[in-house]
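Trainee: Following this message is one structure expressed as structure tokens.
The values are calculated or read from the model by the stated rules, or taken from the named source; none is laboratory data. It should be emphasised that the depicted structure is a prediction, and the values quoted were computed from it without experimental measurement. Cβ: placed from backbone, ideal geometry, glycine included. Neighbour counts: every protein chain shown.
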Amino acid sequence: MKTSFRGEIFDVVIAGGGFVGVTLALALARGGARAALIDSAAAGTGETAPRPIALAEGSRRILEGLDIWRHIGPSATPIRVVHVSDRGRFGFTRIKARDYGVDALGYVSEAGIIGSVLAGALDATAGVAVLRPATVHQLEFSEGRVRVGCAGSEGSHSVDARLLVAADGGKSSVRRLSGIGARQRDWQQSAITSIVKTRLDPGNVAYERFTDSGPVALLPMVQRRSGLVWTLPHERADALMALDEGAFLAMLGKTFGTRLGAFTETGSRTRHRLRSAHSRLSVKQRLALVGNAANHLHPVAGQGLNLGLRDAAVLAEVVIDAVRAGEDPGAITTLGRYAEWRRRDQWATSRFTEGVVRLFGNDLLPLALVRDIGLIGLDSFGFLKRTLARHAMGLAGRGPRLSRGLSL
Ligand SMILES: Cc1cc2nc3c(=O)[nH]c(=O)nc-3n(C[C@H](O)[C@H](O)[C@H](O)COP(=O)(O)OP(=O)(O)OC[C@H]3O[C@@H](n4cnc5c(N)ncnc54)[C@H](O)[C@@H]3O)c2cc1C
């Protein structure tokens, strides 16, 4: 690990080494751009609690383009059907991969696996200078470059680059230090995640079941396991976290129903307090925002990381093309291409996610009727369902080269 960058000017410095920041760093290095990455967490301190992550088909293609998918794919479970239903009501719909000519709508992996594969790929990449643990706390924008000040266990450092990328998560310090506002929301909800076992094999079916207390998602995994993401108001989550294993499983069975038989085991449970944040700008001179720093979504539709990976793939392509053409990667004219390309997808994915939370997180009778009609209507209107499915698969709009099997 290199800790002194005095005198060097990188093409890009990335603040934040979560999944999105590391993916961006790998893509930039592959395309020959000189990148530095700063993260406040020490190496090897990623997520350890089991948490399922649904990766859309579009994300699989991006990771395959980076030659990373071969390390994630073998342990990931393909989702061939998504079954959406509303507990105690009549509406439900199924989205099937074969109707869209793909082998799978998405894949279920674990955050720990994705994290360690990305960390391994970063270690094996010579083209990225990594500084960690170091927290970005100061920015100085000037003609032709940005100076990023950070402090870590080995003292203070500064890194110069032509472009700074904020990949530092939903509470982004870079966004704040740059004076960019965000539309923020505390949903007053928690998500409980775990890996559970059921009497029946989920096969390749993902279930999203909307209930009076909030949505329960069960994402298929091997050996009759499913990744659980259960969203509830805080006080219900407190009560569930306090239950012993047997009582928790019984409550889950009562809420989800009997489609997978009885729930027989649960791994450790983790609780996440749910917030969302949408940056008012995605670029300004010498700065671009990606992933949660740009759009931090409610997890109900499992789209946050998928959206962030698309940000990373598009930004890498725009920057690499600029560097090759001898253009300034931090100029607003360059970054405007990224902002314009990503605008529609970011807007649609954020709106869709918020729409689902509002519609399905509300038990008012008129809304309940609307969603029943919606679920049935969706089944009857092929066009609507197709549009929704292509979005959920991350295949809507013009994809970056990485997701089209082309080299960067
Ligand atoms: C319960 C739950 C379930 C989810 N399920 C899914 C799913 O199935 N599919 C999906 O696509 N998405 C899912 N998501 C969303 C997904 O986890 C996130 O969108 C994604 O991990 C965001 O990655 P990121 O790299 O943008 O941000 P983060 O993961 O927040 O990473 C930010 C990084 O920046 C670093 N950092 C922060 N501040 C600084 C600083 N000042 N200086 C330097 N470094 C800094 C942090 O150490 C961290 O490494 C889920 C989220 C939750 C909560």
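Trainee: Checking Leu384 against (1) modelled with pLDDT of 75 or more; (2) surrounded by fewer than 19 Cβ atoms within 10 Å (Cβ to Cβ), which single condition isn't satisfied?
Mentor: (1)
Trainee: Within region 28-77, how many residues turn out to be surrounded by 19 or more Cβ atoms within 10 Å (Cβ to Cβ), over 30 Å from Asp160 (Cα atoms) and either near the ligand (Cβ under 9 Å from one of its atoms) or touching a residue at least 24 places away in the same chain (Cβ under 8 Å) (or both)?
Mentor: So the count comes out to 15.
Trainee: Being more than 21 Å from the chain's Cα centre (by Cα) and within 15 Å of the ligand (Cβ to nearest atom) is the filter; apply it to region 180-201 and report the residue that is farthest from Pro50 (Cα to Cα).
Mentor: Ranking the qualifying residues of region 180-201, first place goes to Ile180.
Trainee: Please go through region 325-351 and give me each residue that is free of Cβ contacts under 8 Å to residues at least 60 places away in the same chain and part of a loop (DSSP other than H, G, I, E, B), ordered by number.
Mentor: Ala325, Gly326, Glu327, Ala331
Trainee: Can I ask one more? Among the residues of region 6-21, what is the count of those that are more than 6 Å from the ligand (Cβ to nearest atom) and surrounded by fewer than 24 Cβ atoms within 10 Å (Cβ to Cβ)?
Mentor: 5
Trainee: Any idea which of (1) assigned to a helix (DSSP H, G or I); (2) modelled with pLDDT under 95; (3) buried (at least 20 other Cβ atoms within 10 Å of the Cβ) is the one Leu252 doesn't satisfy?
Mentor: Going through (1) assigned to a helix (DSSP H, G or I); (2) modelled with pLDDT under 95; (3) buried (at least 20 other Cβ atoms within 10 Å of the Cβ) one by one, Leu252 breaks only (2).
Trainee: When region 108-137 is examined, which residues are found to be within 10 Å of the ligand (Cβ to nearest atom) and without any contact (Cβ under 8 Å) to a residue 60 or more places away in the chain?
Mentor: Matches in region 108-137: Ser109, His137.
Trainee: I'm trying to understand the selection: among the residues of region 133-184, which are at pLDDT below 95 and among the charged types (D, E, K, R)?
Mentor: Correct list: Glu143, Glu154.
Trainee: Could you check region 139-237 for strands (runs of 3 or more DSSP E) lying wholly inside it with 2 or more residues that are touching a helix residue (DSSP H, G or I) at 6+ places or on another chain (Cβ under 8 Å) and not charged (D, E, K, R)?
Mentor: Hits in region 139-237: 155-166, 182-198, 205-211, 214-220, 225-233.
Trainee: If a residue must be more than 8 Å from the ligand (Cβ to nearest atom), in contact with a Lys or Arg (Cβ under 9 Å, 6 or more places away or on another chain) and at pLDDT 95 or above, how many such residues does region 295-317 contain?
Mentor: Of the residues in that region, 7 qualify.
Trainee: Within region 112-169, can you find the residues that are among the small types (Gly, Ala, Ser), more than 16 Å from Arg34 (Cα to Cα) and under 26 Å from the mean Cα position of the chain (by Cα)?
Mentor: Result: Gly112, Gly115, Ser116, Ala119, Gly120, Ala121, Ala134, Ala166, Ala167, Gly169.
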